[in-house]
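J.: Provided herewith is a single structure, encoded as structure tokens, for subsequent inquiry.
The values are calculated or read from the model by the stated rules, or taken from the named source; none is laboratory data. Just so we're clear, the structure is a prediction, and the values are computed from it rather than from any experiment. Positions of Cβ are backbone-derived with ideal geometry, glycine not excepted, and every protein chain shown enters the neighbour counts.
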Amino acid sequence: MKKFDFKRAIQFICLCGASIIYYVPYMKASFYDALIQAFNVTNVELGIMTSAYTTMTIATYFLGGLVADKFSARKLLAFSYMASGLLCVGFGTIPDYRVAVVLFAILGVTTTLTFWSALIKAIRIFARPGEEGKAQGDVEGTRSILAAVLGTIAIFIFSQFSNIVTGMQVVIFIFGGACILIGILIWIFFERDEPDKDQNLGIGKILLTCLKNPNVWLMSFIVFGAFISCTTTPYMTPYGTQMFGLSITLGAILGMFRDYMQPIGALISGNVSNKTGISKLLIIVTALLAVINIFIAIIPQQASLVILVFIGTALGYIILGAARGIYFATLPEADIPMYMSGTVIGIISTIGFLPDSFMPIIIGNWLDTYPPELAYRFIFIAAAAGAIFACIISIIFHKRNKETIAKLAVIQKEGKIADKKNTETSV
């Protein structure tokens, strides 16, 4: 029986803290009216505030990769959590609107430039040899579960106050304080990792090496294709209400499937990938993702068949969660050295998350131009096309890296044998 590793448990909890650091920047989904009232702003002005955040995230994904390779992941994550926590506390004081916009823009930096690539790199450092997929899946799944639970708790706390502005402020202060606490825990419990001084390469040299590596582009395109499906998920609720006559409540439940089904998929894929390998499982998962999107697209739009929409949506979110749980875990199969991990993650994120910048515009145009029954079919066919693209690229990636994948399987097997011997010795 393995001994409980308290330090490793704290590290895992901190890695799952992304559900906390991202709560305030995206709280508009739950506290829209409270934000409007608190800051006395129009819908457009609130949109500008949140756009200031997303603009900075898009602008700094790539740079964040370079930063992650030049500085300690421990230092970057500790700084990101503590700085973001302080910014949230400042935002919770309900400052002048212009100050709030600036705070949101800076949050875009502290949750992306110094955070995102460092987080993915830290998960890779945390993972045991050959178990990167399991680590990524476990963190993604647990993080998603925490996001759903914490969101429910936040709404409960908010509901205890008669003044909605005060209730929202308390929620913001709690999440800001939690970020600061996680930052302190990371500083205390994470290993003192430092950039490899033996690999004394300049930023330009590392970047050029990464851009010349075909595997980096293949990994980016895998995420790009799979992420197209992510951009279509907000349209499941209106699809159910408009095309199948669901009530607003049932439509909201359909939308909530994302919060509770995706973690299941991420946890499953993370653990299954130990047996199948990352890219091999991605081939299977993206193929299934294409099939389920085609299924949703061709369901006859009749109220009597709404049960098929619920089944298809639940399965779709599980499969999508499975893809998201492991699509950043392909770096070892591509034989990417640790000192280049941050830059590679920055490139993958910049290219892979591009659909978030153009798919909502395309989908909005379809919904405005075509009859809804046709527009929604286009949406899910587009998601299927993205999944097929990701599947094809995954096949190419898998074939290209067969030797490295075989070596990783041996390392993983040897690691399990060593763990078993250590366990027997301790007993």
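J.: The conditions are (1) surrounded by 22 or more Cβ atoms within 10 Å (Cβ to Cβ); (2) within 29 Å of GLY130 (Cβ to Cβ); (3) more than 22 Å from the chain's Cα centre (by Cα), and THR276 fails exactly one of them. Which is it?
T.: (1)
J.: Here's a check for you: in the stretch 208-219, which residue that is at pLDDT 95 or above and either part of a helix (DSSP H, G or I) or of a type in the set (Val, Ile, Thr) (or both) is surrounded by the fewest Cβ atoms within 10 Å (Cβ to Cβ)?
T.: PRO214
A quick yes/no check of all residues on (1) of a type in the set (D, E, K, R); (2) at pLDDT 90 or above:
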| residue | (1), (2) |
| --- | --- |
| MET1 | no, no |
| ARG8 | yes, yes |
| ILE21 | no, yes |
| TYR32 | no, no |
| LEU35 | no, no |
| SER51 | no, no |
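J.: Report the residue count in the stretch 115-163 for those that are of a type in the set (Val, Ile, Thr), buried (at least 22 other Cβ atoms within 10 Å of the Cβ) and at pLDDT below 90.
T.: So the count comes out to 0.
J.: Determine which member of the set ALA287, ALA329, ALA314 is under 21 Å from LYS399 (Cβ atoms) and either assigned by TED's automatic domain parsing to the domain that holds PHE71 or in a helix (DSSP H, G or I) (or both).
T.: When all the criteria are applied, what remains is ALA287.
J.: Would you confirm, using the coordinates I've provided, whether ILE381 is farther than 26 Å from LEU207 by Cα, at pLDDT 95 or above, out of contact with any Leu (no Cβ under 6 Å at 6 or more places or on another chain) and part of a helix (DSSP H, G or I)?
T.: Spelling it out, ILE381 is indeed farther than 26 Å from LEU207 by Cα, at pLDDT 95 or above, out of contact with any Leu (no Cβ under 6 Å at 6 or more places or on another chain) and part of a helix (DSSP H, G or I).
J.: To continue, here is another question. Please go through the stretch 290-304 and pick out each residue that is assigned to a helix (DSSP H, G or I) and either more than 17 Å from PRO238 (Cβ to Cβ) or among the charged types (D, E, K, R) (or both).
T.: ALA290, VAL291, ILE292, ILE294, PHE295, ILE298, SER304 - these are the residues of the stretch 290-304 that are assigned to a helix (DSSP H, G or I) and either more than 17 Å from PRO238 (Cβ to Cβ) or among the charged types (D, E, K, R) (or both).
J.: Determine which member of the set ALA287, ALA297, ALA314, ALA303 is of a type in the set (A, V, I, L, M), surrounded by fewer than 19 Cβ atoms within 10 Å (Cβ to Cβ) and touching a Cys at 6+ places or on another chain (Cβ under 8 Å).
T.: Result of the check over ALA287, ALA297, ALA314, ALA303: ALA287.
J.: Next up: Which residue, of ILE222, ILE174, ILE203, is modelled with pLDDT of 90 or more and more than 22 Å from the chain's Cα centre (by Cα)?
T.: Among ILE222, ILE174, ILE203, only ILE174 is modelled with pLDDT of 90 or more and more than 22 Å from the chain's Cα centre (by Cα).
J.: Give just the number: which of (1) at pLDDT 95 or above; (2) on the phi > 0 side of the Ramachandran plot does LEU103 not satisfy?
T.: Among (1) at pLDDT 95 or above; (2) on the phi > 0 side of the Ramachandran plot, LEU103 violates only (2).
J.: Going through the stretch 273-284 one residue at a time, which ones are in contact (Cβ under 8 Å) with a residue 24 or more places away in the chain and in a helix (DSSP H, G or I)?
T.: Within the stretch 273-284, SER273, ASN274, ILE278, SER279, LYS280, LEU281, LEU282, ILE283 meet the criteria.
J.: Turning to a different aspect of this structure: Hey, MET236 hits all of (1) modelled with pLDDT under 90; (2) assigned to a helix (DSSP H, G or I); (3) surrounded by fewer than 19 Cβ atoms within 10 Å (Cβ to Cβ) but one; which does it fall short on?
T.: The one condition MET236 does not meet is (3).
J.: Looking at the structure I just gave you, is PHE104 touching a residue at least 12 places away in the same chain (Cβ under 8 Å), surrounded by fewer than 24 Cβ atoms within 10 Å (Cβ to Cβ) and farther than 29 Å from ILE164 by Cβ?
T.: So PHE104 does not fit the description; no.
J.: Being touching a helix residue (DSSP H, G or I) at 6+ places or on another chain (Cβ under 6 Å) and not in a helix (DSSP H, G or I) is the filter; apply it to the stretch 1-40 and report the residue that is farthest from ILE145 (Cα to Cα).
T.: Per the stated criteria, the residue is LYS2.
J.: For the structure I just gave you, tell me whether ALA148 is closer than 24 Å to VAL272 by Cβ and either in contact with a Pro (Cβ under 9 Å, 6 or more places away or on another chain) or free of Cβ contacts under 8 Å to residues at least 24 places away in the same chain (or both).
T.: Yes: the conditions hold for ALA148.
J.: Test ILE186 against the criterion of being crowded, with 19+ Cβ neighbours inside 10 Å, more than 30 Å from PRO360 (Cβ to Cβ), touching a Lys or Arg at 6+ places or on another chain (Cβ under 8 Å) and in the same structural domain as CYS88 (by TED's automatic domain parsing), and give yes or no.
T.: When the stated conditions are applied, ILE186 passes them.
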